[in-house]
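Scroll down for the structure; my scribbles are underneath it.
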Amino acid sequence: MNMLEVQNLTKSFGSHQVLKGVSFSLKQGEVLVIIGSSGSGKTTLLRCLNFLEQADGGSICVGDEEIFNAAGKMNLSDHAMRDRRLHFGLVFQSFNLFPQHTVLKNVTLAPTLYQTTQLKKAKAGRNAIKEAKAGIEAQGRQLLDMVGLSEKVDEYPCRLSGGQQQRVAIARALALNPDILCFDEPTSALDPELTGEVLRVIRSLKDQGRTMVVVTHEMEFARGVADHVIYMADGVIEEEGTPDEVFGNPKSEKTKAFLAAGYNR
Amino acid sequence: MDFWGVIFDLCQGFSVTLKLFALTLVFAIPLGFILAFLSMVKFKPISFLTKVFIWIIRGTPLLLQCLLVTFIPSMVFGIPNKDFQSMLGIRTMADLQFTFVLFAFVINYACYFAVIIEGGIKNVSIGQHEAGKVLGMTKGQIFRHVILMQVVRKITAPMSNEIITLVKDTALARALSVIEIIAIAFEKVNKYAVLSPLLYTSLFYLAFSGILTILFHYIEKKLSYYSV
Ligand SMILES: Nc1ncnc2c1ncn2[C@@H]1O[C@H](COP(=O)(O)OP(=O)(O)OP(=O)(O)O)[C@@H](O)[C@H]1O
Ligand SMILES: [Mg+2]
């Protein structure tokens, strides 16, 4: 069964149609890499998946649950919206860490708030909440350890390098255990010598069986990590296939031109 | 001249000044937040009216507003101030005058605060909101746990300027015959025909704004444990 099924997604800003009907599917544990030139709609696609934008048309299914359908009414309560959105995680190009919180708090804040509301709703006692918080903190430390930052739990984000900040952002997204983790050019804001540490973390997530959608300009990394590659141009999927098909033997002229230019950058 | 007697009376006057100062802050800061939110509401008529209101209040002198407020009960509601006073359960005419002044101060300062707060909120990058959203936080949680402290830090410096101005603006209360420190100082000047009570008065103001300056420096330092 498909973990993620996106059908015919469309999105316009004013009269400018940015997504012109994008469909793809993804199995559990697969990594989808999306490449494409600037303005082709990659970020918009990820934002639609994460409900930061609402698509104008199409549908999104996770497992057997339809979490979005433009045809249906989407008058969801804040709470229902939140549960649907939590199927996805998103790592931003610009990290967007919370500057006033420590690294650990960055990771634990959202799950703590989430669990506390759930427990309070279920009229759980103070001890249960305390226990939950301790559990979340332990998990946060574990995640930070996994991304190689166990030394930095009590630092503030401004004291970390870009690569370290992005690794915190990855741990933060993982703390809510999303079904599908999305990355929007996770290394574009980094100095070249810092991209490696972030890409290594993403690769280790693949090895752990995470389902991921990665938008990137790092072609070599893309080829290595992807199970499936989509090349987007002008709001449509111009070409897709296995990494070897798309990188090794592209069929579309546009893809060929893009790859030729991309490798030379 | 009875030096200690004069100082004692000035202290009493200054306590009125401080009361006006503190109560203005207590009410104007929350109201400033409310006005800031209202002027950012997506529903245009509300944000527009809020902005017009803020523009009018900031565009006219506080002294004028203090004087106008006293006419609100009779002109707008047709209630003479005497009846208004008993309606509110206010004991003396002097207390009623103080209430009027406080009301004008709160509205006036809330509008100045609102502009600063709105600027502070808009200054927090959209990425912070989005990061919170993607992590499944509700709007309220995002504001409380992500945005608010960043706003507080951004507005501390401009707010402290306004608050120190407020210390000095309290002198306007005299126009509505609220007996604060300057009113008492002038009474002493007239009584003893010496200028020294005015000098002492300025020392009160200096000491207080000095304390506030130190306090705000401390707060700013406390809040600057991170850089954005
Ligand atoms: N909020 C918005 N309002 C109007 N236009 C937008 C908005 N967001 C994106 N666009 C437009 O949509 C198009 C696609 O943008 P998008 O950010 O999805 O491209 P991208 O493939 O991620 O590009 P890049 O590689 O530069 O990140 C662009 O032309 C952009 O100007
Ligand atoms: Mg983009």
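Here are a few things to note about the model shown:
- Candidates A:ASP78, A:ASP83, filtered to the one that is more than 20 Å from the chain's Cα centre (by Cα) and away from ligand 2 (no atom under 16 Å from the Cβ): A:ASP78
- If the condition is being modelled with pLDDT of 95 or more, within 16 Å of ligand 1 (Cβ to nearest atom) and assigned to a helix (DSSP H, G or I), then region A:198-249 contributes no residue at all.
- Residue count, region A:182-221 (criterion: within 12 Å of ligand 2 (Cβ to nearest atom) and not β-branched (Val, Ile, Thr)): 8
Table: residues versus (1) within 16 Å of ligand 1 (Cβ to nearest atom); (2) free of Cβ contacts under 8 Å to residues at least 12 places away in the same chain; (3) more than 9 Å from chain B (Cβ to nearest Cβ).
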{"position": "A:ILE60", "(1), (2), (3)": "no, no, yes"}
{"position": "A:ILE67", "(1), (2), (3)": "no, no, yes"}
{"position": "A:ALA71", "(1), (2), (3)": "no, no, yes"}
{"position": "A:ALA80", "(1), (2), (3)": "no, yes, yes"}
{"position": "A:ARG84", "(1), (2), (3)": "no, no, yes"}
{"position": "A:GLY89", "(1), (2), (3)": "no, no, no"}
{"position": "A:GLN93", "(1), (2), (3)": "yes, no, yes"}
{"position": "A:HIS101", "(1), (2), (3)": "no, no, no"}
{"position": "A:LYS105", "(1), (2), (3)": "no, yes, yes"}
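- Qualifying residue in region B:172-188 (condition: of a type in the set (Asp, Glu), at pLDDT 95 or above and either closer than 22 Å to B:ILE121 by Cα or over 16 Å from the mean Cα position of the chain (by Cα) (or both)): no
- A:THR44 being hydroxyl-bearing (Ser, Thr, Tyr), modelled with pLDDT of 95 or more and within 16 Å of ligand 1 (Cβ to nearest atom): yes
- Matching residues in region A:164-194 - criterion: being without any contact (Cβ under 8 Å) to a residue 60 or more places away in the chain and surrounded by 20 or more Cβ atoms within 10 Å (Cβ to Cβ): A:GLN164, A:ARG167, A:THR187, A:LEU190
- Single residue of A:ASP145, A:ASP154, A:ASP83 found to be acidic (Asp, Glu) and in contact with a helix residue (DSSP H, G or I) (Cβ under 8 Å, 6 or more places away or on another chain): A:ASP154
- Within region A:149-166, the set of residues being in a helix (DSSP H, G or I) and either within 10 Å of chain B (Cβ to nearest Cβ) or over 11 Å from A:ASN106 (Cβ atoms) (or both) comprises A:SER150, A:GLU151, A:PRO157, A:CYS158, A:ARG159, A:GLY162, A:GLY163, A:GLN164, A:GLN166.
- So B:THR99, is it surrounded by 16 or more Cβ atoms within 10 Å (Cβ to Cβ), among the β-branched types (Val, Ile, Thr), assigned to a helix (DSSP H, G or I) and in contact with a Ser or Thr (Cβ under 7 Å, 6 or more places away or on another chain): no
- Taken over region A:28-54, residues that are within 14 Å of another protein chain (Cβ to nearest Cβ), surrounded by fewer than 19 Cβ atoms within 10 Å (Cβ to Cβ) and more than 13 Å from ligand 2 (Cβ to nearest atom) amount to 1.
- Criterion: more than 16 Å from ligand 1 (Cβ to nearest atom), more than 9 Å from chain B (Cβ to nearest Cβ) and touching a helix residue (DSSP H, G or I) at 6+ places or on another chain (Cβ under 7 Å) - qualifying residue of A:LEU109, A:LEU119, A:LEU97, A:LEU9: A:LEU119
- Looking across region B:132-179 at every residue that is among the small types (Gly, Ala, Ser) and outside any helix (DSSP H, G or I), the one that is farthest from the other protein chains (Cβ to nearest Cβ) is identified as B:SER177.
The values are calculated or read from the model by the stated rules, or taken from the named source; none is laboratory data. As the structure is a computational prediction, the values presented were derived from the model and not from experiment. Here the Cβ is made from the backbone with ideal geometry for all residues, glycine too, and neighbour counts use every protein chain on show.
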